[in-house]
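Notes for the one structure printed next.
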Amino acid sequence: MIDRYSITASASTLSDRFGVDVPEFYKPRYNATTTQLLPVITHTAPQGISNFYWGTSPAWAKNKTLSEKIINVRTETILEKAAQQKSIIKNRCIVPADSFYGWKRAGKKSFIPFRFVARDSGLFSFAGTWDEYEDTEGNQFHTFSVITVQANSLVASVQDRMPVILDPKEEAVWLNKESTEADLLGLLKPLEAEYLNHYSVSPRISDNAADVPSLIIPTPPADQFGNLTLFD
């Protein structure tokens with residue numbers, strides 16, 4: 001499961017990279033996680049940044065288990081189910097990012113957090129889908145999910161899933177209203193390992209409330225209890 005990433009770029013850098021208007025509500029996130037309002041770019045409004053909840057809204061999350069929150073959509077599910085294929089035709093988005101996090105098992109109950117970044121340290125995006133819901137009071141809110149694939153060889157050294165990562169040309173296809181189903185499904189593949197780097201980070205990344213620049217600094221491998229390990 002992918003449930004943490006970062007988007008630490010300035011508003012101007014984000015605007016230049018994705019060619020969008022960036023609203024005042026945008027702020028860098030060092031520990032973007034589920035139920036937060038986070039920036040996405042939809043194929044129905046590709047000229048600007050929208051703010052959608054990842055997976056579900058905080059109010060709904062209180063009444064749902066983690067498995068019930070729509071955080072990730074597996075490519076295998078999209079390929080197998082016609083309803084999921086229709087969803088990527090109707091409601092597509094990209095999720096701007098500059099890293100994602102994964103946890104490597106170090107023992108029965110201990111895990112070490114790693115940060116995966118582009119080898120050139122640049123921005124990229126995740127392929128995603130979005131949806132619209134109405135709460136019991138009639139208020140509408142929007143959510144998004146990150147599409148995941150089997151991990152490439154680098155990510156597989158830590159965990160078995162990774163997000164579908166798009167480059168600028170692939171983003172244009174994903175956001176193009178004229179793209180065919182075949183065009184879109186052809187993008188759902190793992191990024192080659194040679195384009196990524198990774199390093200261990202502070203176990204404080206596991207704290208949903210933590211969101212400070214020091215979280216992305218390389219840190220000696222330690223599990224969530226702060227115990228140093230021999231992993232690298």
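The values are calculated or read from the model by the stated rules, or taken from the named source; none is laboratory data. The structure presented is a predicted model; accordingly, all values stated were derived computationally and were not measured. Heads up, the Cβs are rebuilt from the backbone with ideal geometry, glycines too, and the neighbour counts pull from every protein chain shown. Side chains included, ligands, DNA and RNA excluded: accessible areas come from the protein's heavy atoms. Shrake-Rupley method; radii C 1.70, N 1.55, O 1.52, S 1.80 Å.
Taking every residue in segment 92-108 that is over 24 Å from PRO220 (Cα atoms) and open to solvent by 10 Å² or more (accessible area, probe 1.4 Å) and pairing it with any residue that is modelled with pLDDT under 95 and of a type outside the set (Val, Ile, Thr), at least 6 positions away or on another chain, yields no pair with a Cβ-Cβ distance below 7 Å. Scanning segment 1-47 for residues that are outside any loop (DSSP other than H, G, I, E, B), under 18 Å from the mean Cα position of the chain (by Cα) and farther than 20 Å from SER214 by Cβ returns LEU14, ARG17, PHE18, LEU37, LEU38, PRO39, VAL40, ILE41, THR42.
Of the residues making up segment 109-123, those that are touching a Pro at 6+ places or on another chain (Cβ under 8 Å) and open to solvent by less than 10 Å² (accessible area, probe 1.4 Å) are ILE112, PRO113.
Residue by residue, here is whether (1) modelled with pLDDT of 95 or more; (2) out of contact with any Gly (no Cβ under 8 Å at 6 or more places or on another chain); (3) closer than 19 Å to GLU171 by Cα holds:
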site: SER10; (1), (2), (3): yes, yes, no
site: PHE18; (1), (2), (3): yes, yes, yes
site: ASN31; (1), (2), (3): yes, yes, no
site: GLN36; (1), (2), (3): no, yes, no
site: PRO39; (1), (2), (3): yes, yes, yes
site: THR42; (1), (2), (3): yes, yes, yes
site: SER57; (1), (2), (3): no, yes, no
site: TRP60; (1), (2), (3): no, yes, no
site: ASN63; (1), (2), (3): no, yes, no
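Applying the set (1) out of contact with any Cys (no Cβ under 7 Å at 6 or more places or on another chain); (2) open to solvent by less than 30 Å² (accessible area, probe 1.4 Å) to PHE144 leaves exactly one unmet item: (1). Would you confirm whether or not segment 130-148 contains a residue that is more than 17 Å from PHE52 (Cβ to Cβ) and of a type in the set (A, V, I, L, M)? Scanning segment 130-148 turns up no residue that is more than 17 Å from PHE52 (Cβ to Cβ) and of a type in the set (A, V, I, L, M). For segment 90-132, a residue qualifies if it is of a type in the set (Ser, Thr, Tyr) and in contact with a strand residue (DSSP E or B) (Cβ under 6 Å, 6 or more places away or on another chain), and the qualifying residues are SER99, TYR101, SER125, THR129.
Here ASN72, ASN91 are screened, and the one residue that is under 18 Å from the mean Cα position of the chain (by Cα), at pLDDT below 95, more than 16 Å from THR148 (Cβ to Cβ) and of a type outside the set (A, V, I, L, M, F, W, C) is ASN91. Scanning segment 151-199 for residues that are touching a residue at least 12 places away in the same chain (Cβ under 8 Å), in contact with a helix residue (DSSP H, G or I) (Cβ under 8 Å, 6 or more places away or on another chain) and acidic (Asp, Glu) yields GLU171, GLU181.
For ALA182, the conditions (1) modelled with pLDDT under 95; (2) under 16 Å from the mean Cα position of the chain (by Cα) all hold with the exception of (2). Residue check: ASN176 meets all listed conditions (1) more than 21 Å from PRO218 (Cα to Cα); (2) touching a Phe, Trp or Tyr at 6+ places or on another chain (Cβ under 7 Å); (3) surrounded by fewer than 18 Cβ atoms within 10 Å (Cβ to Cβ) but one, namely (2).
Could you list all residues from segment 94-110 that are under 19 Å from the mean Cα position of the chain (by Cα) and farther than 27 Å from THR13 by Cβ? Matches in segment 94-110: TRP103, LYS104.
Within segment 75-88, if we keep just the residues that are under 18 Å from the mean Cα position of the chain (by Cα) and of a type in the set (A, V, I, L, M), the residue that is modelled with the lowest pLDDT turns out to be ILE88.
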